[in-house]
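Worksheet for the structure shown next.
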Amino acid sequence: MRKILLVIDMQKDFVDGSLGTLEATEIVEHVVRKINCYPRENVIATRDTHTEDYLNTQEGGKLPVVHCVRNTLGWELVPEVAAALDGAQVIDKPTFGSVALMEQLRAMERQEPIEIELVGLCTDICVVSNALLLKAAMPEVSISVDPTCCAGVTEKSHQAALVTMEMCQINVQHQ
């Protein structure tokens, strides 16, 4: 069984930039250790990717904090994670869940059995969105999330997202 690691949006703006949190900063070394447990060909990372007109989008109207604008410092993966990902695939995504990522993983799953593990930011937005999108597309694939390698906007919303994923048959690794 091929085990795939998805590293969701470990970008500067979410760690120590415009939307950064202490909790996000604290998971960086855990995420790096997790990446180092997987062969690079089994690791896929995502980057939240917006354009300069972000504030004119629906998301920008609901979250009016400019972040992850393509080719800015905040859009870049945090250096420690970028170094650990050396050689891994990175997918830019314009919204919370990535349809391109889901389609790629479905194609892989048609070739051989896979398991998927998710880590990254934010548990309550992009991690949960991708986990649920993947589970809907591949209901028989084992999908898990490591809460020690995730952080939410708040601790309360992080915990709520973990409960939501567990209720939807995503395996939440309890330590």
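The values are calculated or read from the model by the stated rules, or taken from the named source; none is laboratory data. For clarity, every value in this text was computed on a predicted model and none was experimentally measured. Methodologically, a virtual Cβ is constructed for each residue, glycine included, from the backbone with ideal geometry; neighbour enumeration extends over all protein chains shown.
Points to keep in mind about this one:
- Positions within the stretch 90-119 being buried (at least 19 other Cβ atoms within 10 Å of the Cβ) and among the acidic types (Asp, Glu), in sequence order: 109, 117
- When residues of the stretch 129-146 are limited to those that are within 28 Å of residue 16 (Cβ to Cβ) and of a type in the set (S, T, N, Q), the one surrounded by the most Cβ atoms within 10 Å (Cβ to Cβ): 130
- Criterion (at pLDDT below 95 and either surrounded by fewer than 15 Cβ atoms within 10 Å (Cβ to Cβ) or part of a helix (DSSP H, G or I) (or both)) met by exactly one of 87, 74: 87
- Residue in the stretch 43-56 that is touching a residue at least 24 places away in the same chain (Cβ under 8 Å), under 21 Å from residue 90 (Cβ atoms) and loosely packed, with under 14 Cβ neighbours inside 10 Å present: no
- Yes/no for residue 91 being touching a residue at least 12 places away in the same chain (Cβ under 8 Å) and under 13 Å from residue 9 (Cα atoms): yes
- Taken together, 168, 149, 122, 126 contain a single residue that is among the hydrophobic types (A, V, I, L, M, F, W, C) and surrounded by fewer than 16 Cβ atoms within 10 Å (Cβ to Cβ), which is 168.
- Residues that are farther than 13 Å from residue 171 by Cβ, under 10 Å from the mean Cα position of the chain (by Cα) and not in a strand (DSSP E or B) within the stretch 103-158 comprise 122, 123, 125, 126, 127, 128, 129, 130, listed in sequence order.
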